[in-house]
Amino acid sequence: MADHYTKTAFVLELEKRDLVFLAELVELDLSNMPEEDWQEQFDQRSARFKNAFAGSDEDPFEAYRAIFSDGDYPEPGFDIHCCGETDSGRERIIISGDQIDPETLANIVQAACPSALPTGFCYSYGCSKLRPDEFGGGFVLITENDIVFRGSQEGLASALAQLDDEDGRSLVLTTRHPEHGLSYWNSERGFGRLADATVFSPSEAARHDPVIANDEPEWTTMPRWPQ
């Protein structure tokens, strides 16, 4: 037997109204509430909650439970510690927990804290016994429209693959401008500077639709990581 845990602790600065809404989501304990009481509890939620998580007649909390990776156990799994106001009048809080689900936490922050976006957090996971490959972590980047996960195990596997296999490295799409030289493809903005380029995995590049340009675009291999 062994215990597994996933931990985080990070700071958010957000508007008061978002803090109130976040607290409402965290304090809702559906796991210990009989389903026959859900409709009554939903009716007592704030107007913002009802607008954000409009449910169905069969399940008033259907939309709310959808932000959890396991909707049958809708438990946020983290605590909020208020640190007071910042000089700009925003609320400063610490979110922490030692049994968090990164996907669920990211969904809750995105749904409840628009004034804190873009933001993100790091997390670590481990085991009470020293078992191989049971330790790691990562980070989550949260914007209004996207949630991006990056993990240390995946990063290590990618770095090892790139050491001896050029075909495993990331790619950018390039074209040559007659005045500005090389330009790099950004999926939202078109061709521009390298700093804004969209980076593709080899499989993503193989599936990508052709891009039309005056000079035939070509895939360019990124430097291997780590250097």
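Rounded to the nearest 20, the Cβ-based charge dipole of the chain about its Cα centre (Lys and Arg +1, Asp and Glu -1) stands at 1000 debye.
Using the Cβ-Cβ distance between Tyr73 and Ser96 with R0 set to 22 Å, the FRET efficiency works out to roughly 0.65. Using the Karplus relation 6.51 cos²θ - 1.76 cosθ + 1.60 with θ = phi - 60°, the per-residue 3J(HN,Hα) values for segment 126-132 come to x, 9, 6, 10, 7, 9, x Hz, with x marking Gly and Pro.
Under 5 Å from the amide H of Leu182 lie the amide H atoms of His177, each residue being 5 or more positions distant or on a separate chain, with H modelled from the backbone and absent for Pro and chain starts. Do any chymotrypsin sites (Phe, Trp or Tyr not before Pro) in segment 128-227 lie in a DSSP loop with no more than 16 other beta carbon atoms within 10 Å, and if so, which? Those that pass, being in a loop and sparsely packed, are Phe135.
Within the shell of other residues whose beta carbon sits under 11 angstrom from the beta carbon of Gly97, the net charge comes to -3, with Lys and Arg scored +1 and Asp and Glu -1. Note on Asn145 and Ala52: the extension gain reaches 32.0 nm, defined as 0.36 nm multiplied by sequence separation minus the Cα-Cα distance. Among 48-56, 92-100, sorting by the average number of other beta carbon atoms lying within 10 angstrom of each residue, highest first, gives 92-100, 48-56. Centre-to-centre separation between the Cα atoms of segment 68-105 and those of segment 1-56: 10 Å. For the listed peptides 84-90, 121-127, 107-113, 152-158, a ranking on the average number of other beta carbons within 10 Å per residue, highest first, reads 107-113, 121-127, 152-158, 84-90. The angle separating the long axis of helix 16-27 from the principal Cα axis of greatest extent in the chain is about 70 degrees.
A short reminder: the numbers here are calculations on the coordinates, not readings from a lab. Given the structure is predicted, the values throughout are model-derived calculations rather than measurements. No Cβ is skipped: glycine too gets one built from the backbone with ideal geometry, and neighbour counts run over all protein chains shown.
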